[in-house]
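**Student:** The following block contains the structure, expressed as structure tokens.
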Amino acid sequence: MVMPRNLIDRILVPHAAFQGALRRIGQCYQNAEAHGNPACLAIVGPSRTGKTSVLGQFASAHPAVRTAEGLEVPILRVKTPSKPTVKSMAEIMLREMGDPRFDKGTENARTGRLMTLIRNCGTRMAMIDEFQHFYDKGQNKVMHHAADWLKVLVDDTGIGLVVAGIPGCLATIEQNEQLRGRFRTPVAFERFDWRSPEDREEFAAILSAFYDALAEHIDLPDFTSAEMAFRLYCATGGLIGYLAMLLSQVVWDVIDDKRKVVTLKHLREAFAHSVRSSHDYGDAPDPFGPRFATEPSEALLATVSRIGAAAPALTEGRPSRRKVWHARARDVLSAA
């Protein structure tokens, strides 16, 4: 059997947070189907924790279909543009709904066409990814006009609303009274924490699923061993998105090199070409290198926890010596 280049992309490992999010989204969808009050839900967490994947998984189970009566679009799924406006949001939604004049008309004209399409196409839910763009960090303000428009769209059409983004997206909900009263308790996606026995067990289960799929095509180290699990955790910071990126590189290298074996050396090369160059690993040794100690330490775990976090903004003059605090979803939620 020939190993497909997109093998890793085709593997879905629904961990506990993923399954919980699917259940919560399903409840909102069923509520809209029953014509109840619009239910709104936010899915928040650091980048590469699976938020976009859970939206895609649910949307794929409710695809658009063309019937004798016309086009049915159960779920309208879009990505927030940078600095969203009413016109830009209406435009991307109209385009997704198949309106040939998606970029034409005033705010009111586009909104009217969008509401008509939502009703005529039987749309029950809107999904909006990258919702943090509704908050302008540079000017420290929420795009209130666009947020108010979104609230009216949901109220007038009766559709459910699911938004996803990094924890900063909660600012848009918390600072907009009209939205805040419609959103239920957020779903928090977190990176896996090696200090937590439950997280270690779940991370190992995910590694096992990836290993089983890869082992059908190639010989490779046992990902489920304590040593390899820790190496892979330290390489990816407990972020499933980075684990997938690393393993995708492994697959590409195997195919291009026309080989059937993956060793620590090959994992080290794939790591260097995928995750390593984009992040500050401090003084931590290469997790696939010969000097790597597979015993956890607080210093190493602290370094690993910074993988995937936003780098501090560059400023003129001497660099700041202040410590940078990277918010986690649970911190934002507990402060809200």
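All of the numbers you see were taken from the coordinates with simple rules; none came from a lab. All values derive from a computational prediction rather than experimental measurement. Backbone-built Cβ (ideal geometry, glycine too); neighbour counts: all protein chains shown.
**Student:** Could you tell me which of Ala59, Ala109, Leu300 has its Cα farthest along the dipole of the chain towards the positive end, charges placed at Cβ (Lys, Arg +1; Asp, Glu -1), taken about the Cα centre?
**Tutor:** Final value for the positive-end residue is Ala109.
**Student:** Taking 0.36 nm per residue of sequence separation and subtracting the Cα-Cα distance, how much length would be gained by fully extending the chain between Asp256 and Glu202, in nm to one decimal?
**Tutor:** Full extension of this stretch gives 16.3 nm more.
**Student:** In nm, give the distance between the simple-model label positions of Thr185 and Ala215, each being 7 Å from the Cα along the Cα-to-Cβ direction.
**Tutor:** Label at Thr185, label at Ala215, 3.8 nm between them.
**Student:** In addition: For region 52-107, what number results from the quotient of the Cα radius of gyration and 2.2 N^0.38 Å?
**Tutor:** Computed over Cα atoms of region 52-107, the ratio equals 1.28.
**Student:** What's the FRET efficiency of Asn120 with Glu33 using the Cβ-Cβ distance as r and R₀ = 22 Å, to the nearest 0.05?
**Tutor:** 0.85
**Student:** Still on this model: When the helix-only estimate is applied to the chain (DSSP H runs of n ≥ 4, each -39,500 (n - 2.57), divided by the residue count), what is the mean residue ellipticity at 222 nm, nearest 500 deg cm²/dmol?
**Tutor:** Value at 222 nm, helices only: -13500 deg cm²/dmol.
**Student:** Given 0.36 nm per residue, what is the gain on full extension from Asp136 to Arg101 after removing their alpha carbon distance, in nm?
**Tutor:** Result for the pair: 9.7 nm of gain on full extension.
**Student:** Out of (1) 34, 61, 5; (2) 22, 29, 14, 20, 13, 2; (3) 28, 51, 21, 0, which label holds the value of P(r) over Cα pairs in 20 Å bins from 0, in percent that was computed here?
**Tutor:** (3)
**Student:** Relative to the present Cα-Cα distance, how much length would full extension add between Ser225 and Leu12 at 0.36 nm per residue of separation?
**Tutor:** Working it through step by step, the gained length comes to 74.5 nm.
**Student:** Could you pull out the pairs from Lys87/Lys151; Lys51/Lys104; Lys83/Lys104 whose alpha carbons sit more than 22 Å apart here?
**Tutor:** Lys51/Lys104
**Student:** Tell me whether region 1-123 comes out rounded, prolate or oblate; compute the Cα gyration tensor, take square roots of the eigenvalues as a ≥ b ≥ c, and use a/c under 1.5 as the rounded threshold.
**Tutor:** Note, shape of region 1-123 comes out prolate.
**Student:** To two decimal places, what compactness ratio does region 60-163 give when its Cα radius of gyration is scaled by 2.2 N^0.38 Å?
**Tutor:** The reported ratio for this selection is 1.06.
**Student:** Placing +1 at every Lys and Arg Cβ and -1 at every Asp and Glu Cβ, with all other atoms neutral, what dipole size does region 16-188 have around its Cα centre, in debye to the nearest 20?
**Tutor:** I would put it at about 280 debye.
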